[in-house]
1. Take C266 and T148, extend 7 Å from each Cα along the Cα→Cβ direction, and tell me the distance between the two endpoints in nm.
2. What accessible surface, in Å², does a 1.4 Å probe find on T355, ignoring ligands, DNA and RNA and rounding to the nearest 10?
3. If packing is taken as the average count of other Cβ atoms within 10 Å, what order do 88-97, 59-68 fall into, highest mean first?
4. Given all pairs of different Cα atoms, what value in angstroms does the Kirkwood hydrodynamic radius of segment 336-464 take?
5. Please give the length that would be gained between E290 and M16 if that part of the chain were fully extended, namely 0.36 nm times their separation in residues minus their C-alpha to C-alpha distance (nm, one decimal).
6. If the chain between Q180 and K227 were fully stretched, how many nm would it gain, using 0.36 nm times the residue separation less the Cα-Cα distance?
7. Given R₀ = 25 Å, what would the calculated FRET efficiency be for L499 paired with N33, taking r from the Cβ atoms and rounding to 0.05?
8. Can you compute the modelled spin-label distance between R59 and E195, with each label point 7 Å from Cα toward Cβ, in nm?
Amino acid sequence: MDNNSVTTPRVLSVKMWPPSKSTRLMLVDRITNNLTTPSIFSRKYGLLTPHQAEHDAKRIEDLAFAAANKHFQNEPDGDGTSAVQIYAKESSKLILEAIKQGPKEEVRSTKTAGGGREDSLFDLSGGRRAFIDESEARDLLRPLADPTNNSFTKIRFTNRSFGSEAAKVAVSVLSSIKDQLTEVDLSDFVAGRPEAEALEVMSMFSSALEGSKLRFLDLSDNALGEKGIRAFASLIKSQRDLEELYLMNDGISEDAARAVLELLPCTDKIKVLQFHNNMTGDEGAVAIAEIVKQCPCLEDFRCSSTRIGSEGGVALAEALESCRHLKKLDLRDNMFGVEGGIALAKTLSVLTELTEVYMSYLNLEDEGAEALSEALIKSAPSLRVLELAGNDITVKSTGKLADCIAAKQCLWKLNLSENELKDEGAILIAKALEEGHDQLAEVDMSTNMIRRAGARALAGSVLKKQAFKLLNINGNFISEEGVDEVNDMFKDSPEKLGLLDDNDPEGEDFEDEDEEGEEDSELEAKLGGLKIKQEEE
């Protein structure tokens with residue numbers, strides 16, 4: 001080599017636009033939090049319910065993205081900075097508009113089973129004000145206080161923030177009707193209150209409802225922590241017929257989880273148990289695992305976004321082995337790792353009634369994913385939903401995963417997004433879906449480094465299924481020709497193909513289109529004769 005020669009470093013241009021799928025989802029979460037957090041605006045216009053906020057957040061993000069993307073397309077040589085600015089500006093504007101519109105009025109009651117008077121559910125979740133004073137509490141709760149015209153069995157106080165004076169009115173009413181109540185929703189009912197006042201209100205409601213025979217109890221979105229859990233001690237300790245318990249977004253730490261374990265007197269009837277979005281950690285998971293062991297009737301268990309690692313994951317997996325009637329399992333967004341995945345595989349092999357499995361973002365990697373796939377092949381014959389997004393799964397474990405998918409003929413939704421399956425893995429999954437799967441409606445293979453061959457294979461495998469509704473292959477490396485081909489395949493049903501605006505035709509390796517075309521052909525030839533094994537269940 002000539003010592004005088006100079007090697008020019010390769011300069012890569014980094015574009016700010018478009019944002020990744022995870023970035024967009026993160027923005028939706030932030031918008032939801034904005035819409036459900038008390039502020040000077042919410043005091044004037046009212047606070048949205050979590051359900052309303054989530055719906056509006058998704059709409060706002062879609063509109064903001066569309067506006068920013070249109071701007072970016074008009075100046076394709078830019079780095080996307082101005083598009084990001086428009087994205088943020090448009091989001092802020094739409095958030096303010098949503099807040100000013102206030103909460104949507106909701107139906108206060110639902111019809112009885114016999115089609116009679118609409119009087120089973122008393123619902124305060126609508127309305128335009130988040131904070132309730134004593135006078136307003138008297139007006140709002142008047143129907144509950146009328147003994148001659150009151151057969152309410154369910155109450156929903158979410159989205160209304162009770163202070164101590166308003167709580168005195170409420171507990172007076174609740175004390176008189178607690179014996180007829182079967183469902184109580186006190187989620188997000190002390191928002192914006194100082195801690196001391198919030199704990200006082202919780203304790204007042206707890207005492208008023210103590211001794212009721214509830215089937216359903218929701219205490220979510222109250223930032224409870226251990227203090228909050230213990231503020232509800234008298235209510236929780238008196239419940240022996242609970243079938244559904246919700247403690248989501250409640251700051252359930254290790255100590256709070258232990259408090260729940262200590263206070264729950266009876267769990268043998270619980271069918272639904274949900275701890276989503278807490279800071280439980282491994283030690284807290286061990287306490288939750290002890291609760292789960294005592295829930296033989298459990299059908300729906302959610303412990304997602306709870307900062308649980310391998311140790312807690314193994315403890316939960318072992319506890320779930322005793323829940324033989326489990327139908328829905330949601331453990332998304334934790335850090336179980338390979339060890340936790342292998343423990344879960346052992347558990348899944350005995351949970352034959354499972355219909356929905358949500359295990360995205362668990363750091364399972366190939367070893368954990370392969371173990372889970374192998375377990376599910378011979379278990380859960382009626383599985384309808386399988387989500388394994390964001391687990392660093394590569395083609396190495398896709399063969400076993402494809403065998404599992406081929407065996408699940410009741411599958412309705414499949415989500416393998418944000419992995420590294422590439423064309424070879426995508427084609428294996430496509431072949432697994434070709435035969436049967438008449439109920440299949442959604443497939444998400446976005447952000448998987450898929451190119452032209454994989455995109456074509458996936459499109460062809462789902463296109464003719466009558467129940468099919470949406471294929472998402474956005475965020476991949478499909479060439480412009482490949483995009484045109486897929487669009488052409490869906491020309492008679494374009495609504496079944498998701499957006500392809502986040503696709504990068506050049507891909508991470510910056511290969512030219514001729515090289516990609518050769519690679520596609522070689523892959524198709526190589527995989528053309530492969531068959532997916534379908535074992536008898």
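1. Placing both labels 7 Å along Cα→Cβ, they lie 3.7 nm apart.
2. Rounded to the nearest 10, the figure is 40 Å².
3. 59-68, 88-97
4. 14.1 Å
5. Extra length available between E290 and M16 comes to 94.0 nm.
6. So the extension gain works out to 14.1 nm.
7. The value I calculate is 0.50.
8. 3.7 nm
The values are calculated or read from the model by the stated rules, or taken from the named source; none is laboratory data. Computed from a prediction, not measured in an experiment: that's the story for all the values here. Note: ideal-geometry Cβ built from the backbone for every residue, glycine included; neighbour counts use all protein chains shown. Each accessible area value is taken on the protein alone, full model and side chains, heavy atoms only, with ligands, DNA and RNA left out. Shrake-Rupley method; radii C 1.70, N 1.55, O 1.52, S 1.80 Å.
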